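The values are calculated or read from the model by the stated rules, or taken from the named source; none is laboratory data. In this text, all values refer to a predicted model and were calculated from it rather than measured experimentally. Note that each Cβ is placed from the backbone with ideal geometry, even for glycine, and that neighbours are counted across all protein chains shown.
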Amino acid sequence: MAEILTRRDGAIATVVISNPAKHNAVTPDMWRALDEALAHLERDPAVRVIVLTGDGDKAFVSGADIAQLGNRRDASKGEDTQPVETRVPYMAPMKCAKPVIAKIRGICMGGGLGLAAACDIRFCSDDAVFRMPAARLGIGYSHVGVARYVSLIGAANTLDIFLSARKFGAADALRMGFVLRVLPAAELDREVREYCAMIAENAPLSLLAVKRSVSEALKDPGERDIAAVQAIIDSCLDSEDYKEGRAAFMEKRRPAFKGR
């Protein structure tokens, strides 16, 4: 069954892309469900960090389910008949105000590669295999998507993976800067869990401030909303968590942040 699953472990939520019969290929309904799942977790104050992963150990996401895409364009009208949220479905992690960490095992290709790129940080196992096959399918990739790759891995690496449509492994992904860390498959779950636990201990408003700052920094200068970023920064200084953070530092104890 093709579906999006959500699991909770304290302040860490895991969203699982599940379509194992097709190496976790994502259907249009799954893209919409993923967007809704992340939006729901964003509204939950108990959730501090979100992990995005694939079902099983064979694939993160193999891409969009090509069999269900059909003819995306109405040839008679020259118009794209899909709504915006499904034309650029991997935007959901970027829109989410909370940190989203990609945990990648096995195949990560096409839309799966775009989805991983939209996450804030990526970890992968040493058996991960990546590919951007748009040129093999006759697809003109979205400007938003290409710009995201350029911001992550630079223009030369972006051109390389798009022009060649070649497969590349975990070592290459690390060299490009696409992933933060490559781990043995047996250690991936533990390392990601420990990393997310570190994030979850930190002040939620501080996490929001830095994610929004980075998001605005990646935009063209004329499109940046610096005032909105500054408002979040100011709210940190006015928060109960700021008082708690200072008190915990002086008392040499772990802070207990509430997100307000």
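Table: residues versus (1) at positive phi; (2) surrounded by fewer than 19 Cβ atoms within 10 Å (Cβ to Cβ).
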position: Met132; (1), (2): no, no
position: Gly138; (1), (2): yes, yes
position: Ser142; (1), (2): no, yes
position: Ser151; (1), (2): no, yes
position: Gly154; (1), (2): yes, yes
position: Arg166; (1), (2): no, yes
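Quick one: count up the residues across segment 142-170 that are of a type in the set (S, T, N, Q), at pLDDT below 95 and touching a helix residue (DSSP H, G or I) at 6+ places or on another chain (Cβ under 8 Å). Steps first, please.
Our first condition is that a residue be of a type in the set (S, T, N, Q); within segment 142-170, this holds for 142, 151, 157-158, 164.
Then keep just the ones that are at pLDDT below 95; that gives 142, 151.
Okay, now just the ones that are also touching a helix residue (DSSP H, G or I) at 6+ places or on another chain (Cβ under 8 Å), so 142.
Residues in segment 142-170 being of a type in the set (S, T, N, Q), at pLDDT below 95 and touching a helix residue (DSSP H, G or I) at 6+ places or on another chain (Cβ under 8 Å): 1 in total.
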Exercise. Could you please tell me which pairs satisfy a Cβ distance under 7 Å, a separation of 6+ or placement on different chains, a first residue in segment 158-183 that is over 26 Å from Gly140 (Cα atoms) and assigned by TED's automatic domain parsing to the domain that holds Ala118, and a second residue that is surrounded by 13 or more Cβ atoms within 10 Å (Cβ to Cβ) and among the hydroxyl-bearing types (Ser, Thr, Tyr)?
Key: Leu183/Ser125
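Which helices (runs of 4 or more DSSP H) does segment 185-254 wholly contain that include 2 or more residues that are assigned by TED's automatic domain parsing to the domain that holds Ala46, at pLDDT 95 or above and exposed (fewer than 14 other Cβ atoms within 10 Å of the Cβ)?
Working: elements: 185-200, 204-217, 226-237, 240-250.
Qualifying helices (runs of 4 or more DSSP H): 185-200.
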Exercise. Mind counting the residues in segment 202-237 that are more than 20 Å from the chain's Cα centre (by Cα) and in contact (Cβ under 8 Å) with a residue 12 or more places away in the chain?
Key: 7
Self-check item: Unmet requirement for Asp57, which otherwise passes all of (1) part of a strand (DSSP E or B); (2) more than 19 Å from Gly259 (Cβ to Cβ)
Solution: (1)
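Of all residues in segment 102-136, count the ones that are within 12 Å of Leu52 (Cα to Cα) and either small (Gly, Ala, Ser) or touching a Pro at 6+ places or on another chain (Cβ under 9 Å) (or both). Show your work before the answer.
First, pick out the residues of segment 102-136 that are within 12 Å of Leu52 (Cα to Cα): 102-105, 112, 115-124.
Checking the rest, the ones that are also either small (Gly, Ala, Ser) or touching a Pro at 6+ places or on another chain (Cβ under 9 Å) (or both) come to 102, 112, 115-121.
Residues that pass the stated criteria total 9.
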Self-check item: Candidate set from segment 239-260 (those that are farther than 22 Å from Arg43 by Cβ and of a type in the set (Asp, Glu)); member that is farthest from the chain's Cα centre (by Cα)
Solution: Glu251
